[in-house]
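What follows is a short report on a single structure.
The values are calculated or read from the model by the stated rules, or taken from the named source; none is laboratory data. As the structure is a computational prediction, the values presented were derived from the model and not from experiment. Counting neighbours? That spans all protein chains shown, and the Cβs are built from the backbone with ideal geometry, glycine included.
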Amino acid sequence: MVSIMSESDLKIVFEFENGLSLEGTLDRVLAPLIVEEIKVRLPLTGRGAVMRGELKITLGISKGNIKPVKEVKKGDIAYMPLGDSLCIYLKDMKTFSPVNILGRITSEESLLEEIKSIKRGSRITIKKTV
């Protein structure tokens, strides 16, 4: 999953307590207020849970819907106001509640499969990359 960077992109890395790292890009154009709120709080550490084809990480930013959608693709990174969570989608699917797509995972797609083995409550740190 290779993408071309623009000035509106924020490169991040998700570091899991089991040693797995996933890189991703958040695009400020998609939801500027949400992406900016995440950016100013980096690094963020939260607990993750894999449920129904998505990894959820509670953020604590309490934002609403900007451009809500209910259909996502494998590798999408989105903010779900219901639950105040950042989500990484492990398959193409319809979401339980509306989400704001913020970006995509840029690491190899095969690494998304490894997320399925993450234990509920595992610590995940989100950092800005250079």
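Things worth noting here:
- Restricted to segment 79-130, and to residues there that are under 21 Å from Leu10 (Cβ atoms) and of a type in the set (Phe, Trp, Tyr), the residue that is surrounded by the most Cβ atoms within 10 Å (Cβ to Cβ) is Tyr79.
- Members of segment 71-108 found to be part of a loop (DSSP other than H, G, I, E, B), touching a residue at least 24 places away in the same chain (Cβ under 8 Å) and more than 14 Å from the chain's Cα centre (by Cα), listed by number: Glu108
- In the set Val40, Val29, Val50, only one residue is free of Cβ contacts under 8 Å to residues at least 40 places away in the same chain, β-branched (Val, Ile, Thr) and farther than 18 Å from Thr106 by Cα; that residue is Val40.
- Just one of the numbered conditions (1) out of contact with any Phe, Trp or Tyr (no Cβ under 9 Å at 6 or more places or on another chain); (2) over 16 Å from Leu44 (Cα atoms); (3) of a type outside the set (Lys, Arg); (4) modelled with pLDDT of 95 or more is not true of Gly75: (1).
- Residues (hydrophobic (A, V, I, L, M, F, W, C) and surrounded by 21 or more Cβ atoms within 10 Å (Cβ to Cβ)) located in segment 34-56: Ile34, Val35, Ile38, Leu55
- Checking the stated criteria, Thr45 turns out to be farther than 14 Å from Leu102 by Cβ and either at pLDDT below 95 or not acidic (Asp, Glu) (or both).
- Residues satisfying the stated conditions in segment 57-67, i.e. surrounded by fewer than 17 Cβ atoms within 10 Å (Cβ to Cβ), more than 13 Å from the chain's Cα centre (by Cα) and not basic (Lys, Arg): Gly60, Ser62, Gly64, Asn65, Ile66
- Residues being in a helix (DSSP H, G or I) and in contact with a Phe, Trp or Tyr (Cβ under 6 Å, 6 or more places away or on another chain) - total across segment 6-64: 1
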